[in-house]
1. When log10 I(q)/I(0) by the Debye sum over Cα atoms at q = 0.07, 0.09 Å⁻¹ is calculated directly from the model, which label among (i) -0.43, -0.57; (ii) -0.33, -0.53; (iii) -0.30, -0.49 fits?
2. Angle check, please: helix 117-126 long axis (alpha carbons) against the longest principal axis of the chain (alpha carbons), in degrees 0 to 90, nearest 10.
3. With the contact rule set at Cα under 8 Å and sequence spacing of 6 or more, what percent relative contact order holds for segment 53-198?
4. Express in nm, to one decimal, how much length is gained between THR44 and GLN319 on full extension, taking 0.36 nm for each residue of separation and deducting their alpha carbon distance.
5. For the chain, find the longest principal axis of its Cα atoms and tell me its angle to the long axis of helix 70-79, 0 to 90°, nearest 10.
6. Determine the gain in length on full extension of the stretch ALA211-LEU268; use 0.36 nm per residue of separation and subtract their C-alpha separation, reporting nm with one decimal.
7. Just the accessible area per residue of the chain, please: how many Å² with a 1.4 Å probe?
8. Specify whether the C-alpha gyration tensor of segment 203-321 places it in the rounded, prolate or oblate class, a ≥ b ≥ c being the square roots of the eigenvalues: rounded for a/c under 1.5, otherwise prolate if a/b is larger than b/c and oblate if not.
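The values are calculated or read from the model by the stated rules, or taken from the named source; none is laboratory data. The structure displayed is predicted, hence computed values, not measured ones. Using ideal geometry, Cβ is built from the backbone for each residue, glycine included, and neighbour counts are taken over all protein chains shown. Side chains included, ligands, DNA and RNA excluded: accessible areas come from the protein's heavy atoms. Shrake-Rupley method; radii C 1.70, N 1.55, O 1.52, S 1.80 Å.
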Amino acid sequence: ARVASSAMPLYRETVSAPSGASIGISVRVPPDALARAWTQCMLTYLPVALLASVLLGLGAYRLQASRRSFREQLRRAMRAGEFHVYYQPVYGQASDRCEGVEALMRWDCPGVGPVRPDIFIAAAEAEGMIVELTRHLLTLVERDVGAWSMPPGFHVGVNLAAEHVSSDQLLSDIRAFVASIAAGRPQVVLEITERSLIADDNGQARRNIDALRAEGVLVAIDDFGTGHCSFSYLQRFPVDYLKIDKGFVQAIGPAGEEAPILDAIIALAHRLGLAVVAEGVETQLQFDYLKARGVTFLQGYFLARPMSATEFARWYAGQQA
């Protein structure tokens, strides 16, 4: 009776029987037994909970540290030589041979492997590192091109981000690059996106483009048709090439059916006196279709895949032979 009076209620429920009577269920536990049970639970599960909390906190800290140190990761990768350049040959339909290359940056991160360009380039833009990364690209291209033996006027295309195109650092960067490879007399082509034109609020991009074109550098609008560029921008900005996105090239029918939007872009470029570069050419049918419509340059897996500087020099020598 003493235990029952001092026991603590743990559970209580009233159940109605079919006969109409009510049955009460009550569970009572002595306080010392309840205290021992709680102590046992705490000793069993508290260390696990503490460990889980520490692991979650450590994971959150490492995630934040990784985000904060992305700039340092890129700088470390540049110092360690983890970035390299692959070159996509560009075919000239008039000469029936390779007339240039597009430089494509790649990152092989130790312990991770190849990092997709769209990932690290977007991250570099978000972290304010894209200009520094582009300068590193120019340094790598300078080293590679200096080891090649190419005819004068061989096109070397490099991609520029909108932030770089609109910066007051562009002129000095490109002039230094052109001077560094001037011995081989290549033709430098700057590939910019439609976003670079739309983002030009203060006119700095236009002034940069005007100055560089006056010095012999050519300018191409990359992936034309995939952005939000109005055709009026083509009249306002002096450019030399339109690079048609591969999505329009893939619209060419399997039996040679016409691709109206592709034809309209090609016709527009011709009316404006611009040369056309078609990307993503993968079949003989696409090649013939574009060549028949006067597309100046073509590039894609049908002609050649991107390759390292050494592989490209060997491939180009074989093509010439």
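1. Comparing each candidate, only (i) matches the computed number.
2. 80 degrees
3. On the way: 159 pairs, mean separation 29.4, N = 146.
Here the relative contact order equals 20 percent.
4. Stretched out fully, the THR44 to GLN319 stretch lengthens by 91.7 nm.
5. Taking the Cα atoms of the chain, the angle to 70-79 is about 50 degrees.
6. Working: separation 57, 0.36 × 57 = 20.52 nm, distance 2.53 nm.
Working it through step by step, the gained length comes to 18.0 nm.
7. Details: 17660 Å² over 321 residues.
It amounts to 55 Å² per residue over the chain.
8. Details: a/c = 2.26, a/b = 1.18, b/c = 1.91.
Since a/c reaches 1.5 but b/c is at least a/b, the shape of segment 203-321 is classed as oblate.
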